[in-house]
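Undergrad: Let me give you the structure first, and then I'll get to my questions.
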């Protein structure tokens, strides 16, 4: 499902390298652009596959199964379209030199966390607190 973006060499910062240096920003830009390209290919592939697979089945069960499969595929692609939008917003943050810092508290998110989730906007502490609040509201 287009989330195999981890085909990259983890970034190894040089001693005394400043956080979110030009090299680090370039590293994350490449990860994000490759991920976006992969998602876009998946979306295009789905459109072509659905056009080719559009068969009218005489059996109502076969037709219902096909419609169910297509609906699931469309939901997945819709999620991927939203992810592409988030990737584009993240690339814009790189362009603005605002990438890698927590939106809530302003501290460094960290290279390892960003490599695990390149679109992360919260540091691990703020994200944990945010998830805790969500669980409390859900109860």
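Each row is one residue, and each column tells you yes or no for (1) part of a helix (DSSP H, G or I); (2) modelled with pLDDT under 85.
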| position | (1), (2) |
| --- | --- |
| 40 | yes, no |
| 57 | no, yes |
| 65 | yes, yes |
| 75 | yes, no |
| 80 | yes, no |
| 86 | yes, no |
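Undergrad: Any idea how many residues of segment 4-35 are more than 16 Å from residue 114 (Cβ to Cβ) and either surrounded by 11 or more Cβ atoms within 10 Å (Cβ to Cβ) or modelled with pLDDT of 90 or more (or both)?
TA: So the answer is 3.
Undergrad: Right, next: So for segment 95-104 (the condition being closer than 24 Å to residue 12 by Cα, touching a strand residue (DSSP E or B) at 6+ places or on another chain (Cβ under 9 Å) and part of a loop (DSSP other than H, G, I, E, B)), does at least one residue qualify?
TA: yes
Undergrad: Something else: Could you give every pair whose Cβ atoms fall below 6 Å, whose first residue belongs to segment 71-83 and is within 19 Å of residue 33 (Cα to Cα) and not assigned by TED's automatic domain parsing to the domain that holds residue 121, and whose second residue is outside any helix (DSSP H, G or I) and modelled with pLDDT under 85, counting only separations of at least 6 or pairs across chains?
TA: 80/2
Undergrad: Right, another one. With the requirement that a residue be within 18 Å of residue 18 (Cα to Cα) and in contact with a helix residue (DSSP H, G or I) (Cβ under 9 Å, 6 or more places away or on another chain), what does segment 102-121 give you?
TA: If the condition is that a residue be within 18 Å of residue 18 (Cα to Cα) and in contact with a helix residue (DSSP H, G or I) (Cβ under 9 Å, 6 or more places away or on another chain), then 102, 107, 109, 110, 111, 113, 114, 115 are the ones that fit.
Undergrad: Still on this structure, please answer the following. Looking only at segment 95-123, filter to residues that are surrounded by 15 or more Cβ atoms within 10 Å (Cβ to Cβ) and free of Cβ contacts under 8 Å to residues at least 60 places away in the same chain; which one of those is nearest to the chain's Cα centre (by Cα)?
TA: 120
The values are calculated or read from the model by the stated rules, or taken from the named source; none is laboratory data. For clarity, every value in this text was computed on a predicted model and none was experimentally measured. Virtual Cβ from ideal backbone geometry, glycine too; neighbours counted across all protein chains shown.
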